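**Q** Sharing a structure, written as structure tokens. Questions coming.
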Amino acid sequence: NAGMEKLLWRRSLQLRDKQQAWQESCEGRKVMELRRSLPAYKEKDALLAAISQNQVVIISGQTGCGKTTQIPQFILESEIEAVRGAVCSIICTQPRRISAMSVSDRVASERGEKLGDSVGYKVRLEGMKGRDTRLLFCTTGILLRRLLVDGNLKGVTHVIVDEIHERGMNEDFLLIVLKDLLPRRPELRLILMSATLDSELFSSYFGRAQIIHVPGFTYPVQTHFLEDILESTGCRLNPYNQIDDYGQEKMWKMSKQAPRKRKSQIASVVEDALKAADFKGYSPQTQESLACWNPDCIGFNLIEYLLCNICENKRPGAILVFMTGWDDINSLKEKLHANPLLGDPRRVLLLACHGSMASSEQRLIFDEPEDGVRKIVLATNIAETSITINDVVFVLDCGKAKETSYDALNNTPCLLPSWISKVSAQQRRGRAGRVQPGECYRLYPRCVYDAFAEYQLPEILRTPLQSLCLQIKSLKLGSISEFLSRALQSPELLAVKNAIEYLKIIGALDENENLTILGRYLTMLPVEPKLGKMLLVGAIFNCLDPVLTIVSGLSVRDPFLTPFDKKDLAEAAKSQFSRDHSDHLALVRAYEGWKVAERDFAGYEYCWKNFLSAQSMKAIDSLRKEFFSLLRDTDLIDANTATYNVWSYDEHLVRAVICYGLYPGICSVVHNEKSFSLKTMEDGQVLLYSNSVNARESKIPYPWLVFNEKIKVNSVFLRDSTAVSDSVLLLFGGSFSKGDIDGHLKMFGGYLEFFMKPAVAEMYQCLRGEL
Ligand code: ADP
Ligand code: MG
């Protein structure tokens with residue numbers, strides 16, 4: 001052991017010398033100069049002192065002040081200077097893959113090193129980490145996985161949890177686990193970093209932990225609301241028909257033709273439109289008003305108009321556009337490329353910034369464009385706090401972000417773009433004032449802004465908890481509800497109960513809430529439990545190929561496009577892929593066709609012809625590989641013999657596996673003279689999304705549909721569905737492990753009474769050995 005210690009000491013000395021040499025080198029000095037200009041640098045000594053004296057420290061500071069790139073680096077540098085370089089181990093978690101990757105890259109280059117030397121990263125299925133890596137940036141999920149095998153985080157000296165203000169589910173979860181761990185590891189240091197000032201909550205959660213604030217500075221930003229923008233374009237606003245959906249031309253035309261209206265009149269029209277509303281989380285009046293202003297009201301045309309206007313008439317400076325998601329960004333980008341000014345690469349550098357962009361594109365975002373070229377970045381809320389683009393002077397804010405919400409009462413998740421909070425809106429505006437005074441265009445009226453919530457609800461309060469509950473169990477953290485009651489803000493009891501009930505029904509937990517074998521396998525797959533189950537069953541039944549496609553397809557955005565003006569054509573194109581009342585099997589055929597076309601370098605044309613998203617197809621392709629390698633790790637399949645595919649052509653079997661995975665997402669098909677209606681037990685009548693292949697049929701020759709998602713908008717809608725027969729439901733609905741038979745029967749028994757033919761029900765009970 002003494003020999004080992006000596007070795008580490010020598011290694012630490014080497015690291016110190018190396019660091020010193022870099023800092024004294026010419027390039028190193030240049031970097032230091034840059035770093036010294038960041039606000040975080042001024043607090044360096046205070047920060048390090050606080051961290052050495054307290055087990056928990058909370059650091060708040062405006063986005064861009066240098067929290068993420070500097071603070072972990074300060075700790076690393078001071079450890080190396082104190083000749084502890086070879087024994088320290090600093091982990092810094094990020095809510096998103098992309099920030100873990102881009103930040104580690106940045107920090108390594110600031111230290112004059114290659115990624116994977118002293119600084120590395122690790123995200124799902126990817127990483128860059130070497131023997132000497134002492135500072136590791138990883139996603140929160142990766143640290144949670146590590147806790148799975150190493151509950152005491154042996155050897156780790158510092159844990160930094162970044163972006164806690166976002167209140168993501170994983171981060172809230174991690175904080176409970178770490179809070180339990182701290183007394184067992186008195187030497188461990190925990191540092192929490194937040195971009196907003198509401199650190200009191202976190203401080204009191206950790207027994208009045210010390211808060212350090214990094215003061216920042218921003219230039220004033222002029223704010224324009226929708227009514228101001230509309231007035232300056234001279235357009236009249238009639239919310240019912242004149243400001244139209246994304247992609248429609250009216251707005252653009254209107255902005256040129258319509259007569260100028262006085263501001264007060266416009267405001268009153270806006271308010272009229274906002275009278276009748278129903279939107280969750282707000283007071284009844286504002287609810288209705290907000291519902292009118294759905295995201296589509298913003299109009300791509302308005303954005304296009306504003307971008308042109310800024311490029312032609314305003315001073316230089318990058319433009320940052322906040323959109324709701326990847327799909328919007330892509331469609332908008334396509335539209336802007338067709339614009340003679342915005343699509344001209346000599347004048348405009350058009351970039352996207354979202355969670356799934358390529359790393360080559362990532363770097364471009366930080367680069368300054370050539371003189372005379374205007375940089376425009378279309379971003380999701382990732383650019384709100386995680387990624388700082390330095391030269392932004394103009395911000396366009398659509399006011400929405402895609403977020404999941406969860407209606408515990410109906411046990412129905414909703415994924416909809418919804419209004420951001422006031423805090424987010426301020427963050428977005430702040431992006432414009434980092435280098436000089438800026439301008440922020442809010443594409444929504446002032447009265448809507450006034451109705452925004454102060455803060456966003458933490459994710460743990462607005463998403464289904466199934467995966468989280470599974471994780472709690474796999475980390476052996478005891479009773480689920482007891483554990484969750486110790487969260488920063490605990491989820492509703494009903495939501496917890498629903499999740500546990502669901503996990504019992506699908507057979508992941510037994511009666512006593514213990515993880516079953518199925519449950520244990522599910523925790524190894526980073527997808528929703530039902531999709532994980534489908535994968536496992538597909539592997540066992542040797543029909544893996546189509547199941548991989550289905551699960552990947554359900555994890556990306558819908559590959560079947562339905563452009564507004566070509567809805568009919570698109571839906572007809574989709575139903576070509578369908579032969580037997582299944583959206584899932586239609587997806588399999590569409591993907592297989594694409595694969596063939598892709599081999600002939602005709603993938604793009606194929607997508608174009610069939611109204612498919614080429615990007616989604618590519619995403620499916622790479623997810624399939626990911627899932628396959630994870631399954632191989634579970635040892636359920638033997639990658640050498642490929643027996644896992646011998647039944648892949650058998651659509652009946654695949655249909656059964658779909659049923660196995662999606663159960664209890666099931667509804668009954670009730671036929672009447674001309675058509676059919678659908679019912680579930682909880683919701684009564686439900687409807688199909690219009691782009692489902694089953695929505696185009698007048699008859700479904702099966703008594704049941706299984707579906708993977710229901711979403712409540714006004715009515716309850718089912719996304720993709722597959723029709724199944726009685727026998728398939730009997731044999732593949734639910735889990736047949738012994739422990740959960742009760743929960744399963746309860747669920748199924750309800751269906752028996754409600755919908756099933758007596759003879760079938762009898763048979764079912766017989767098969768179960770009950771009669
Ligand atoms: P915070 O975490 O406080 O929001 P960061 O540490 O992320 O701040 O960023 C500090 C500064 O470093 C910002 O000005 C940001 O623009 C810059 N920066 C971060 N990453 C890069 C990069 N990859 N390339 C260039 N500049 C970067
Ligand atoms: Mg940061």
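The numbers here are math on the coordinates, done by the rules we state, and not lab data. Since this is a predicted model, take the numbers as computed values, not measurements. Heads up, the Cβs are rebuilt from the backbone with ideal geometry, glycines too, and the neighbour counts pull from every protein chain shown.
**Q** Quickly work out the LYS699-to-TYR649 label distance, labels modelled 7 Å from Cα along the C-beta direction, and quote it in nm with one decimal.
**A** Distance between the two pseudo-spin positions: 3.0 nm.
**Q** With 10 angstrom as the radius, rank VAL31, VAL496 by how many other C-beta atoms surround their C-beta, starting from the fewest.
**A** VAL31, VAL496
**Q** Let me ask you something else. Taking the square root of 5 times each eigenvalue of the Cα gyration tensor, what semi-axes in Å does the equivalent ellipsoid of region 479-526 have, largest first?
**A** Each semi-axis is the square root of five times an eigenvalue, giving 21, 12, 9 Å.
**Q** Once phi is turned into ³J(HN,Hα) by the Karplus curve 6.51 cos²θ - 1.76 cosθ + 1.60 with θ = phi - 60°, what whole-Hz value does each residue of region 653-664 show in order, with x for glycine and proline?
**A** Each residue's phi maps through the Karplus curve to give 5, 4, 4, 5, 5, 4, 4, 4, x, 7, 3, x Hz.
**Q** Set the bar at 29 Å for Cα to Cα. Now go through LYS400/LYS566; LYS497/LYS710; LYS6/LYS476 and name every pair that lies beyond it.
**A** Among LYS400/LYS566; LYS497/LYS710; LYS6/LYS476, the Cα-Cα distance tops 29 Å for LYS6/LYS476.
**Q** Further question: Just to verify a number: FRET efficiency for ILE517 and VAL149, C-beta to C-beta distance, R0 = 22 Å, to 0.05?
**A** Efficiency for this residue pair is about 0.75.
**Q** Ranked highest first by average number of other Cβ atoms within 10 Å, how do 451-458, 5-12 line up?
**A** Top to bottom by mean Cβ count within 10 Å: 451-458, 5-12.
**Q** Can you sort MET681, MET128 so the residue with the fewest Cβ neighbours within 10 Å comes first?
**A** Listed from fewest to most nearby Cβ atoms, that is MET681, MET128.
**Q** Label-point separation (nm) for ASP198 and TYR219, each offset 7 Å from Cα along Cα-to-Cβ?
**A** 3.0 nm
**Q** Another question, then. Work out how much length VAL596 to ASN390 would gain on full extension: take 0.36 nm times their residue separation and subtract the Cα-Cα distance, in nm to one decimal.
**A** Extending this stretch completely gives an extra 69.8 nm.
**Q** Which of rounded, prolate, oblate describes region 10-135, given a ≥ b ≥ c as roots of the alpha-carbon gyration tensor eigenvalues and a/c under 1.5 marking rounded, otherwise prolate only if a/b is larger than b/c?
**A** Because its axes are fairly even, with a/c under 1.5, region 10-135 counts as rounded.
**Q** Once the piece of chain linking GLU361 and LEU182 is laid out straight, how much longer is it, given 0.36 nm per residue of separation minus the C-alpha distance between them?
**A** 60.5 nm
**Q** Which cross-chain or sequence-distant (5 or more) residues have an amide H under 5 Å from the amide H of GLU709, H modelled 1.01 Å from N in plane?
**A** ARG719, ASP720
**Q** Normalised radius of gyration for region 601-724, please: alpha carbon Rg relative to 2.2 N^0.38 Å, two decimal places.
**A** 1.30
**Q** Hey, another quick one. Using alpha carbon centroids, what distance separates region 482-545 and region 134-158, in Å?
**A** Between the Cα centre of region 482-545 and that of region 134-158, the gap is 23 Å.
**Q** Please report Rg (one decimal) and Dmax (integer) in Å for the Cα set of region 489-554.
**A** Every Cα atom of region 489-554 included, Rg and Dmax give 13.5, 44 Å.
**Q** If you take the beta carbon distance between ASN672 and ARG557 as r and set R0 to 41 Å, what does 1/(1 + (r/R0)^6) give as a FRET efficiency, to the nearest 0.05?
**A** 0.75
**Q** Name the chymotrypsin sites (Phe, Trp or Tyr not before Pro) in region 648-696 that are in a loop by DSSP and that have at most 11 other C-beta atoms within 10 Å, would you?
**A** Hits after loop and neighbour filter: TYR649.
**Q** With every atom except the alpha carbons ignored, what do you get for Rg and Dmax of region 1-43, in angstroms?
**A** 15.2, 44
**Q** In whole Å and largest first, what semi-axes does the C-alpha gyration tensor of region 454-570 yield when each eigenvalue is scaled by 5 and square-rooted?
**A** Semi-axes (√(5λ), whole Å): 30, 23, 10.
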